[in-house]
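Trainee: Please find one structure pasted underneath; my questions will follow.
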Amino acid sequence: TDTSVCKDWTIKPKELKKIILNSKGIDGHTWHDDFSVYPCVINGQIKQNDQTFNFEVNAGSWTYIFCPDTVIIFGNYNKQDEKYFLSNAWDGN
């Protein structure tokens, strides 16, 4: 809410699962080099094997999943998901 760039950005809850499943694990260097960082985020929780994890989807087409002792970063390179983000992953072109 602190910037106008986020004003109209949203992702419907039913789309979040698809976006996360379409993403792939990335390291910090890839995150830094390939993705933009926005103040626009969607927070939620996912459940896997009876464990609940917090997540944060950023408008720059990446996701953090918070585990008890670490944070896993996922980047979305899926062309079909580009419509959900304010910017997309750099693909080398």
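Laboratory data are not the source of any read-out in this text; all were calculated from the coordinates shown. Source: prediction; values computed, not measured. All Cβ positions, even for glycine, are placed from backbone atoms using ideal geometry, and neighbour counts span all protein chains on display.
Trainee: Pulled fully out, how much extra length does the chain show between residue 29 and residue 43, if you take 0.36 nm times their separation in residues and subtract their Cα-Cα distance?
Mentor: Here the segment from residue 29 to residue 43 would lengthen by 2.7 nm.
Trainee: Count the net charge of all other residues whose Cβ sits under 15 Å from the Cβ of residue 44, scoring Lys and Arg as +1 and Asp and Glu as -1.
Mentor: In short, +3.
Trainee: Also: Most fluctuating residue of 76, 22, 58 in a GNM of the chain with Cα springs under 10 Å: which is it?
Mentor: Answer for the Gaussian network model of the chain: 22.
Trainee: Please identify the cysteines of the chain that lack any partner cysteine with a Cβ under 4.7 Å from their own Cβ.
Mentor: 67 - these cysteines have no disulfide-compatible partner (Cβ-Cβ under 4.7 Å) in the chain.
Trainee: A further question follows. Starting from the Cα of residue 86, move 7 Å in the Cα-to-Cβ direction to define the label point; list residues of region 3-38 whose amide nitrogen is under 19 Å from there.
Mentor: Label zone hits: 3-13, 16, 31-38.
Trainee: Continuing with the same structure: Just one of (i) 28, 15, 10; (ii) 24, 14, 12; (iii) 20, 16, 13 is semi-axes √(5λ) of the Cα gyration tensor in Å calculated from these coordinates, so which is it?
Mentor: Working out semi-axes √(5λ) of the Cα gyration tensor in Å from the coordinates points to (iii).
Trainee: Could you check which residue among 69, 27, 81 shows the biggest mean-square fluctuation in a GNM of the chain with a 10 Å Cα cutoff?
Mentor: Of 69, 27, 81, the Gaussian network model singles out 69 as fluctuating most.
Trainee: Let me ask something else about it. Kindly count the pairs of lysines across the chain whose alpha carbons are less than 17 Å apart, treating pairs on different chains or eight or more residues apart as eligible.
Mentor: Within the chain, the lysine pair count is 11.
Trainee: Given the DSSP H assignment, sum -39500 (n - 2.57) over each helix run of at least 4 residues in the chain and divide by its residue total; what's the result at 222 nm in deg cm²/dmol, nearest 500?
Mentor: Computed mean residue ellipticity for the chain: -5000 deg cm²/dmol.
Trainee: Can you list residues from other chains, or at least 5 along the same chain, whose modelled amide H is less than 5 Å from the amide H of residue 26?
Mentor: Result for residue 26 returns 73, 74, 75.
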